[in-house]
């Protein structure tokens, strides 16, 4: 039981580190794109996609160390993360448009909530190890 919890803790820790790196890339690109006056939602879409590509690659190879069915897993990862993108867009819309908060503040808030959402689904759905039953 301890080893199982220790493994989960390690995955969460590595996911957090990878997520932080990807969130910095996401936020940094978002900042640059907005400074260059790209539309708020287009900038968010582009920056989130950079984060998704980085996160899948790093999690598959360095965190969960799962290299089988990469195309299938990547499709699942993108589905989960596009749900996160929709959540991010909703947070951006309500925070910026409805609550009149600063864009970068809302972006940081959205990254936090989306990360929790995505870890949960990716752990249970994307990187789940399917055990082959004995025939």
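Mind checking which residues of region 28-39 are part of a helix (DSSP H, G or I) and either surrounded by fewer than 11 Cβ atoms within 10 Å (Cβ to Cβ) or in contact with a helix residue (DSSP H, G or I) (Cβ under 6 Å, 6 or more places away or on another chain) (or both)?
Matches in region 28-39: 29, 30, 33, 34, 35.
Rundown of residues vs (1) without any contact (Cβ under 8 Å) to a residue 24 or more places away in the chain; (2) over 26 Å from residue 9 (Cα atoms), yes/no style:
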site	(1), (2)
26	no, no
59	no, no
75	yes, no
106	yes, yes
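Scan (1) in contact with a helix residue (DSSP H, G or I) (Cβ under 8 Å, 6 or more places away or on another chain); (2) over 23 Å from residue 17 (Cβ atoms); (3) not in a helix (DSSP H, G or I) for the single condition residue 42 breaks and write down its number.
(3)
Would you point out the residue of region 1-27, among those that are under 15 Å from residue 112 (Cα atoms) and loosely packed, with under 15 Cβ neighbours inside 10 Å, that is modelled with the lowest pLDDT?
It comes out as 12.
Keeping to region 55-71, report how many residues are assigned to a helix (DSSP H, G or I) and closer than 23 Å to residue 7 by Cβ.
10
Looking only at region 54-66, how many residues end up being under 19 Å from residue 130 (Cβ atoms) and in contact with a helix residue (DSSP H, G or I) (Cβ under 7 Å, 6 or more places away or on another chain)?
Qualifying residue count for the region: 6.
Considering only residues that are assigned to a helix (DSSP H, G or I) and either touching a residue at least 24 places away in the same chain (Cβ under 8 Å) or on the phi > 0 side of the Ramachandran plot (or both), which ones fall in region 92-104?
Matches in region 92-104: 92, 96, 103, 104.
Residues checked against (1) at pLDDT 95 or above; (2) surrounded by 18 or more Cβ atoms within 10 Å (Cβ to Cβ); (3) assigned to a loop (DSSP other than H, G, I, E, B):
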site: 47; (1), (2), (3): no, yes, no
site: 88; (1), (2), (3): no, yes, no
site: 109; (1), (2), (3): no, no, no
site: 114; (1), (2), (3): no, yes, no
site: 122; (1), (2), (3): no, yes, no
site: 128; (1), (2), (3): no, no, yes
site: 132; (1), (2), (3): no, no, yes
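The values are calculated or read from the model by the stated rules, or taken from the named source; none is laboratory data. Here the structure is a predicted model, which means the values were calculated and not measured. Note that each Cβ is placed from the backbone with ideal geometry, even for glycine, and that neighbours are counted across all protein chains shown.
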